[in-house]
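The values are calculated or read from the model by the stated rules, or taken from the named source; none is laboratory data. Keep in mind it's a predicted model, so treat the numbers as computed, not measured. Using ideal geometry, Cβ is built from the backbone for each residue, glycine included, and neighbour counts are taken over all protein chains shown. The accessibility values were calculated without ligands, DNA or RNA, using every heavy atom of the protein model including side chains. Shrake-Rupley method; radii C 1.70, N 1.55, O 1.52, S 1.80 Å.
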Amino acid sequence: MSNFIKTLFGDYIENLYNESCNDIKCIFENLNQVKLQNEYKVLKAFKDNKISDSHFKTTTGYAYTDLGRDSIENLYKDIFETQSALVRLQFVNGTHAIGCALLGNLSKGDILFSITGQPYDTIKNIIGLNNVNEQKGSLKDLGVSYLECNLKDDGNFDIENIIEILNKNRNIKIIYIQRSRGYSLRKSLLPNDIKDIVKIIKSVDKNLCIFVDNCYGEFTDIIEPTNIGVDLMAGSLIKNIGGGLTPTGGYIVGNTDLIKNAAYRLTVPGIGGECGASLTDLRQVFQGLFIAPHIVVEAMKTAIFTARIFEKLGYDVYPKYDVKRGDIIQAIKLNTSDELINFCKEIQKNSPVDSFLECEPWDMPGYNDQVIMAAGTFISGSSIELSCDAPIREPYVAYLQGSLTFEHGQLAILNSIKKLTQK
């Protein structure tokens with residue numbers, strides 16, 4: 001391999017590559033154990049639910065007896081150890097799934113309390129934190145109030161402040177936790193981080209609903225937030241859990257009553273999750289879930305490799321290569337907006353799809369700043385495939401995620417470094 005890298009990239013990058021690979025070897029061995037345990041969990045669910053070829057067929061109309069839809073929801077319920085699940089291709093993205101979970105379970109006079117600070121940009125629109133002209137139908141418009149408590153400087157929960165706010169505001173109904181870093185430099189949350197705060201919150205009021213935005217977090221650990229007391233959780237099927245094969249959609253898992261309320265938001269009250277035809281072959285949904293534990297570890301390996309080699313180049317990276325991870329995102333702090341844009345462009349140029357296109361910053365719906373997105377992906381916008389995006393604002397941070405194969409991740413990063421280090 002070393003001679004191959006040297007031929008493609010020269011002596012300097014070859015040395016960086018060899019040193020980085022040596023540094024991360026032991027970490028990869030641990031990740032392979034995470035992958036094995038998660039694949040066991042997924043395989044067991046497939047066997048227990050007796051999945052067969054008959055579950056892959058499309059349906060039409062009302063689809064009251066959609067065996068595939070019902071079976072995929074049973075798989076999610078078993079894997080996440082919840083009472084119920086809503087897994088639908090009709091969810092347009094993870095934000096839509098999160099929106100249905102919140103809008104379906106909050107009403108006038110209730111309070112949503114985020115204990116991880118302000119959420120990801122697109123979630124602010126659901127809450128009603130952005131421009132007043134864009135808040136029709138938001139939680140704020142419906143009479144739901146919002147409170148937040150930032151994480152502490154070390155990235156941990158501010159327990160004292162959280163308890164104080166809970167005791168002062170008895171109308172708090174849902175506690176909101178964003179597991180991933182989003183467009184910030186704070187650490188992503190491990191399930192064990194969430195486990196401790198769940199115990200504390202439930203000791204204050206056992207009836208509070210704890211919700212987790214699990215985007216980018218699935219299968220990065222051997223347990224999930226719902227395994228340790230979280231009541232409701234949502235995510236995207238074109239991120240981790242779709243395995244790079246699922247064409248669209250989102251999921252919500254949790255307690256039965258909460259899922260029923262979310263389903264009423266996806267469709268209408270009285271119908272909920274009882275209807276919804278599978279208009280596409282569900283084979284990709286099943287197969288994507290089956291291979292997801294493997295694909296997630298490939299993405300994590302790419303992130304760790306990126307962190308180590310960019311550290312060696314003198315860049316600030318979040319997290320460091322040897323820190324235990326709660327998501328697949330690797331943040332890299334670049335020096336200028338031009339360097340940030342060029343890095344993203346190089347990721348696009350080293351994609352299997354649309355490599356000939358040049359990505360540019362644009363006014364993306366749901367975001368306050370221009371965003372550049374490198375996503376030469378088989379599934380449009382899929383961030384379990386190698387992709388990179390960044391708001392064009394200081395600090396100039398690129399958020400890299402995904403990679404269906406670690407080999408592709410290495411080649412794309414090495415080409416990006418070659419571009420950045422050219423004099």
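Could you tell me which numbered condition Ile222 fails, if it satisfies all but one of (1) surrounded by fewer than 24 Cβ atoms within 10 Å (Cβ to Cβ); (2) β-branched (Val, Ile, Thr); (3) under 29 Å from Asp110 (Cα atoms)?
Answer for Ile222: the failing condition is (3).
Considering every residue within the range 311-332, establish whether at least one is outside any loop (DSSP other than H, G, I, E, B) and modelled with pLDDT under 95.
The answer is no; no qualifying residue exists.
So, in the range 88-121, how many residues would count as being open to solvent by 10 Å² or more (accessible area, probe 1.4 Å), more than 22 Å from Val198 (Cα to Cα) and under 16 Å from the mean Cα position of the chain (by Cα)?
5
State all residues of the range 181-207 that are closer than 18 Å to Ile165 by Cβ and surrounded by fewer than 19 Cβ atoms within 10 Å (Cβ to Cβ); if no residue qualifies, say none.
Within the range 181-207, Asp196, Lys199, Ile200, Lys202, Ser203, Val204, Asp205, Lys206, Asn207 qualify.
Filter the range 137-186 down to the residues that are touching a Lys or Arg at 6+ places or on another chain (Cβ under 9 Å) and on the phi > 0 side of the Ramachandran plot, then identify the one that is modelled with the highest pLDDT.
Gly143
Can you pull out the residues in the range 333-355 that are farther than 20 Å from Pro395 by Cα and assigned to a helix (DSSP H, G or I)?
Scanning the range 333-355 gives Gln348, Lys349.
Quick check on Ile197: is it outside any loop (DSSP other than H, G, I, E, B), under 19 Å from Arg181 (Cα atoms), within 19 Å of the chain's Cα centre (by Cα) and among the hydrophobic types (A, V, I, L, M, F, W, C)?
Answer is no for this residue.
So, in the range 55-72, exactly how many residues are closer than 16 Å to Leu86 by Cα, in a helix (DSSP H, G or I) and open to solvent by less than 30 Å² (accessible area, probe 1.4 Å)?
Here the count works out to 4.
For the range 92-138, how many residues are farther than 25 Å from Asp158 by Cα, assigned to a loop (DSSP other than H, G, I, E, B) and touching a Phe, Trp or Tyr at 6+ places or on another chain (Cβ under 7 Å)?
Of the residues in the range 92-138, 1 are farther than 25 Å from Asp158 by Cα, assigned to a loop (DSSP other than H, G, I, E, B) and touching a Phe, Trp or Tyr at 6+ places or on another chain (Cβ under 7 Å).
Counting residues that are farther than 22 Å from Arg325 by Cβ, which strands (runs of 3 or more DSSP E) fully inside the range 357-423 reach at least 2?
Strands (runs of 3 or more DSSP E) meeting the threshold: 371-374.
Conditions tested, residue by residue: (1) open to solvent by 40 Å² or more (accessible area, probe 1.4 Å); (2) within 21 Å of Gly217 (Cα to Cα).
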position: Asn240; (1), (2): no, yes
position: Leu245; (1), (2): yes, yes
position: Asp281; (1), (2): yes, no
position: Pro293; (1), (2): no, yes
position: Phe310; (1), (2): no, no
position: Arg325; (1), (2): no, yes
position: Thr336; (1), (2): yes, no
position: Gln348; (1), (2): no, no
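Would you pick out the residues in the range 122-163 that are touching a residue at least 40 places away in the same chain (Cβ under 8 Å), open to solvent by 60 Å² or more (accessible area, probe 1.4 Å) and under 22 Å from Ala390 (Cβ atoms)?
Scanning the range 122-163 gives no hits.
Checking Ser203 against (1) of a type in the set (Ser, Thr, Tyr); (2) in a helix (DSSP H, G or I); (3) under 25 Å from Tyr321 (Cβ atoms), only one condition comes out false. Which one?
For Ser203, the failing item is (3).
Of the numbered conditions (1) more than 19 Å from Ser403 (Cα to Cα); (2) touching a residue at least 40 places away in the same chain (Cβ under 8 Å); (3) of a type outside the set (Ser, Thr, Tyr); (4) out of contact with any Cys (no Cβ under 8 Å at 6 or more places or on another chain), Arg179 satisfies every one except a single condition; which is it?
Going through (1) more than 19 Å from Ser403 (Cα to Cα); (2) touching a residue at least 40 places away in the same chain (Cβ under 8 Å); (3) of a type outside the set (Ser, Thr, Tyr); (4) out of contact with any Cys (no Cβ under 8 Å at 6 or more places or on another chain) one by one, Arg179 breaks only (4).
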